[in-house]
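Q: Provided herewith is a single structure, encoded as structure tokens, for subsequent inquiry.
Coordinate-derived values only; no laboratory data. As the structure is a computational prediction, the values presented were derived from the model and not from experiment.
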């Protein structure tokens, strides 16, 4: 995994970092992100406190590097607050009876 730059956003009360939801799945933390983060399309906006810390630790463990952040927009009230709250992407689960066919 190559080090990438992640854009940060903030308003007067909070901040977020934009991360592709597929990367959260790849890092194995998609189910560890709280509903204090938001999502829109394929992007999650990780809240700056717990969820961003979870991401940074997982990213560093996977790449050996600390992610780089670039400053995005700062507004009085960010439109990110109106996005849907984060929900982990559905992952395909193979029922055990289907796996039994392989043995």
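Q: Quick one: plug the Kirkwood hydrodynamic radius of segment 25-66 (C-alpha pairs) into Stokes-Einstein at 4 °C, 1.567 mPa s, and report D in µm²/s.
A: Once the numbers are plugged in, D ends up at 122 µm²/s.
Q: Looking at segment 5-102 from every direction and averaging, what is the projected area of its Cα convex hull in nm²? Could you put the intermediate results ahead of the total?
A: On the way: hull surface 30.3 nm².
For segment 5-102, the mean projected area of the Cα convex hull comes to 7.6 nm².
Q: Counting alpha carbon pairs within less than 8 Å and at least 6 residues apart, what relative contact order, in whole percent, applies to segment 1-86?
A: On the way: 148 pairs, mean separation 36.6, N = 86.
Normalised by residue count, the contact order of segment 1-86 is 43 percent.
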